[in-house]
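First up is the structure itself, then whatever we jot down about it.
The values are calculated or read from the model by the stated rules, or taken from the named source; none is laboratory data. Quick caveat: nothing in here was measured; it's all calculated off a predicted structure. Using ideal geometry, Cβ is built from the backbone for each residue, glycine included, and neighbour counts are taken over all protein chains shown. Only protein heavy atoms, including side chains, enter the accessible area calculation; ligands, DNA and RNA are left aside. Shrake-Rupley method; radii C 1.70, N 1.55, O 1.52, S 1.80 Å.
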Amino acid sequence: MEGTEKSSQQHPDSLPELGQDAVTSVGPSSPLPPAMTEEERLELQEELARVEDEIQTLSQVLADKERQVAEMKRKLGISPLNELKQNITKTWQEVTTSTAYKRTSETLSQAGQKATAAFTNMGSAISRKLEDVRNAPTFKSFEEKVETLKTKITPSAPGGRSGSQDDGVPQTTDSDGFPAQDAPLH
């Protein structure tokens with residue numbers, strides 16, 4: 001017990017351990033457990049005191065080592081923020097190399113590829129369908145009618161004529177001397 005008191009005086013900031021209270025509370029006046037002799041009790045008390053003293057010594061050594069580490073980090077310029085950044089980077093690397101991340105990434109990649117293929121196929125199908133519609137006889141007939149209507153509606157050439165004299169078609173005139181007009185479409 002003297003070693004415990006001595007070390008407590010050296011480091012006044014250390015707190016007594018819970019086990020120490022147990023040693024001081026167990027004394028000759030406390031009743032013995034039914035299967036324990038006085039000699040066994042004294043032996044256990046000595047061992048308990050020794051183990052508690054070791055725990056206190058180890059706690060002090062740990063505190064000293066933690067102070068040394070903090071001082072070394074300060075001298076090296078390692079701040080808590082730098083450590084946090086390094087930990088985040090390390091954690092991210094661990095996540096990206098994990099099996100679950102790789103499987104998820106592969107699944108998303110395959111889904112993206114399938115979606116792209118589906119959109120490409122859909123675009124091709126729409127293009128083919130529009131081409132089929134354009135080649136259909138009904139559409140061709142409609143296209144020809146629109147073309148005919150367009151040629152009849154286009155503004156006439158300068159000089160009051162709708163056609164050119166170079167096209168080889170004779171121009172007809174009505175009784176007033178004006179070019180003949182085709183009958184309007186109704």
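When region 63-80 is filtered for residues that are open to solvent by less than 100 Å² (accessible area, probe 1.4 Å) and part of a helix (DSSP H, G or I), the ones remaining, listed by number, are 63, 64, 68, 69, 70, 71, 73.
Scanning region 36-62 for residues that are among the polar types (S, T, N, Q) and either part of a helix (DSSP H, G or I) or at pLDDT 95 or above (or both) yields 45, 56, 57, 59, 60. Pairing residues of region 115-134 that are surrounded by 10 or more Cβ atoms within 10 Å (Cβ to Cβ) with residues that are assigned to a helix (DSSP H, G or I) and not acidic (Asp, Glu), at Cβ distances under 7 Å and at least 6 apart in sequence or on separate chains, gives 133/139.
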